[in-house]
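Report on one structure; see the data block that follows.
The values are calculated or read from the model by the stated rules, or taken from the named source; none is laboratory data. Just so we're clear, the structure is a prediction, and the values are computed from it rather than from any experiment. Every residue, glycine among them, receives a Cβ derived from its backbone with ideal geometry; neighbour counts consider all protein chains shown. Ligands, DNA and RNA are stripped out before the accessible areas are found, and what is left, the full protein with its side chains, is counted by its heavy atoms. Shrake-Rupley method; radii C 1.70, N 1.55, O 1.52, S 1.80 Å.
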Amino acid sequence: MTETASELTFSQQLNENPKSAAVRETILANPGFGDYFTDHTAVVDYKVDAQGAGGWYNARIEPYGPIAMDPAAAVLHYGQEIFEGMKAYRHADGSIWTFRAEANAARLNASARRLALPELPPETFLESLRQLVSVDHDWVPSGDGDALYLRPFMIATEAFLGVRPSREVSYRVIASPAGNYFGGELKPVSIWLTTTFARAGEGGTGEAKCGGNYAASLAAQMEAEANGCKQVLFLDPHNDNAVEELGGMNIFFVFKDGTLVTPELNGHILHGITRSSVMQLAADRGLKVQERKITIDEWRAGVAAGDITEVFACGTAAVITPIGELKTAEGTIASPAHGIGEVTAAIREQLLGIQTGTVEDLHGWLTRLA
């Protein structure tokens, strides 16, 4: 039996063996990124009935643990899977908030449409976050720059080997306390330019946030690490080697004339929520924001001429990270900024301030979870 979104009520089966307060505090003192998980998970099931009508049902909170799945589950064979990434922040008064959750809900559904998965009502998406954080609120860290990383995801669970959309789906949310994505003190990172691999193609799934895109980036990421770099940059070789995005982050260029440039969305590039937030905050500061094609040749020439003064990457996990150098097989393009550039630092400080409640949220981006 399925229910409408307005009828869905989350039941709770609490974990009988949660981690002790002492263990939890030890983890929160140095959480890393994606290494530890909270005691519970939020789950909502979906099924298409005999009449061909689909609906969501059985919303619940249950103990975190392995997922029982048939070996023929569609996700294991045809990669029907999508996910989101967002954070919950503890404010000074102890309340817990997340950032632009409605945008994450909308992007999840855009990904669902591309991967032929059912759309999840936005109110159910938001309620799943509230329900999980309400039972695992002690896992939200309060350290500087720390947060509880939330990972909503949807997988096809029907057991069959025919090539068609799955008629059974599981939506879930897990949570992981998170520190600095790149570890330690914030400092510029080195990026590797791959000319061997592409992240996405015309008509593909580049705009969807699905596991297959990230799986396709891993070989290039290994290439980057072999060259001493933290991340990899992808180009569009069929469009004058236009800069697209990093393996998991969008990229920005600060020009000396006060212009902020980021590659235009072209069907290959993920609609980053941090990306759009940076653009808004930059415009608020009086910067001219451009979404346009920028090639690797323009990057190289712009740095050499002094026209490009800062380069940074952004995403949910790392927020904003300055790029110190771009390593290529033909040499290195060093960042013109020493350390963290002025514009990069200012936007990062403002963005983190909004998220953590120390800077006024003028755009209504925050949603209280607990």
Query raised in the report: Rounded, prolate or oblate: which one fits the stretch 132-256, using the alpha carbon gyration tensor with axes a ≥ b ≥ c (rounded when a/c is under 1.5, else prolate when a/b beats b/c, else oblate)?
Result: oblate
Requested in this report: Provide, in order from the shortest bin, the percent of all Cα-Cα pairs of the stretch 226-370 in each 10 Å bin, continuing until the bin that contains the maximum pair distance.
Outcome: 11, 43, 35, 10, 2, 0
Query raised in the report: Relative contact order (percent) for the chain, with alpha-carbon contacts under 8 angstrom and 6 or more residues of separation?
Result: 18
Requested in this report: Treating cross-link reach as a plain straight distance, find the lysines whose alpha-carbon is under 21 Å from the alpha-carbon of K288, omitting any fewer than eight places away in the same chain.
Outcome: K256
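Within the accessible area of the stretch 189-356, what % is carbon and sulfur when the probe is 1.4 Å and the other protein chains stay in place?
Solvent-exposed carbon and sulfur of the stretch 189-356 make up 49 percent of the total.
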Query raised in the report: With every protein chain present, what is the per residue accessible area of the stretch 1-132 (1.4 Å probe, Å²)?
Result: 50
Query raised in the report: What number, in percent, do you get for the relative contact order of the stretch 11-180 if the mean sequence gap of Cα pairs under 8 Å and at least 6 apart is divided by its residue count?
Result: 34
Query raised in the report: Size of the dipole of the stretch 189-356 about the Cα centre, Lys and Arg at +1 and Asp and Glu at -1 on the beta carbon, nothing else charged, in debye to 20?
Result: 340
Query - Ratio Rg/Rh [Cα only; Rh per Kirkwood] for the chain - result: 0.97
Query raised in the report: Which percent, to the nearest 5, of DSSP beta bridges fully inside the stretch 189-356 are antiparallel?
Result: 65
Report task. Name the most mobile residue of A116, A68, A345, meaning the one with the largest mean-square fluctuation, in a Gaussian network model of the chain with Cα contacts below 10 Å. Result -> A68
Requested in this report: Could you tell me what fraction of 2.2 N^0.38 Å the Cα radius of gyration of the stretch 11-180 comes to, as a two-decimal ratio?
Outcome: 1.08
Report summary line: Highest mean packing first, using Cβ neighbours within 10 angstrom, the peptides 255-268, 164-177, 318-331 sort as 164-177, 318-331, 255-268
Requested in this report: At 0.36 nm per residue, minus the direct Cα-Cα distance, what do R368 and E349 gain on full extension? Give it in nm, one decimal, please.
Outcome: 4.8 nm
Query raised in the report: By how many nm would the segment from K288 to D240 lengthen if fully extended, with 0.36 nm per residue of separation less the alpha-carbon distance?
Result: 14.9 nm
Query raised in the report: Using modelled amide H (1.01 Å from N, peptide plane; none on Pro or chain starts), what sits under 5 Å from the amide H of I294, excluding residues fewer than 5 places away?
Result: V243, E264
Query raised in the report: If you build a Gaussian network model of the chain, linking Cα atoms that sit under 10 Å apart, which residue out of T26, T274, T194 swings the most?
Result: T26
Report summary line: Expressed as a whole-number percentage, the relative contact order of the stretch 189-356 with C-alpha contacts under 8 angstrom and at least six residues apart is 24
Query - Stretch gain in nm, segment Q13-V359, where the contour uses 0.36 nm per residue and the Cα spacing is subtracted - result: 120.8 nm
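Run lengths n ≥ 4 of DSSP H only: what is the helix-derived mean residue ellipticity at 222 nm for the chain, with -39500 (n - 2.57) per run over all residues, to the nearest 500?
Calculated from helices alone, the mean residue ellipticity at 222 nm is -8000 deg cm²/dmol.
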Report summary line: The FRET efficiency for A50 and H271, from their Cβ-Cβ distance with R0 = 51 Å and rounded to 0.05, is 0.90
Query raised in the report: Ordered by residue, what ³J(HN,Hα) values in Hz, to whole numbers, does the stretch 145-160 give under the Karplus form 6.51 cos²θ - 1.76 cosθ + 1.60, where θ = phi - 60° and Gly and Pro are x?
Result: x, 7, 7, 9, 7, 9, 10, x, 8, 9, 10, 7, 10, 5, 8, 6
Query - Counting DSSP beta bridges with both ends in the chain, the antiparallel % (nearest 5) - result: 80
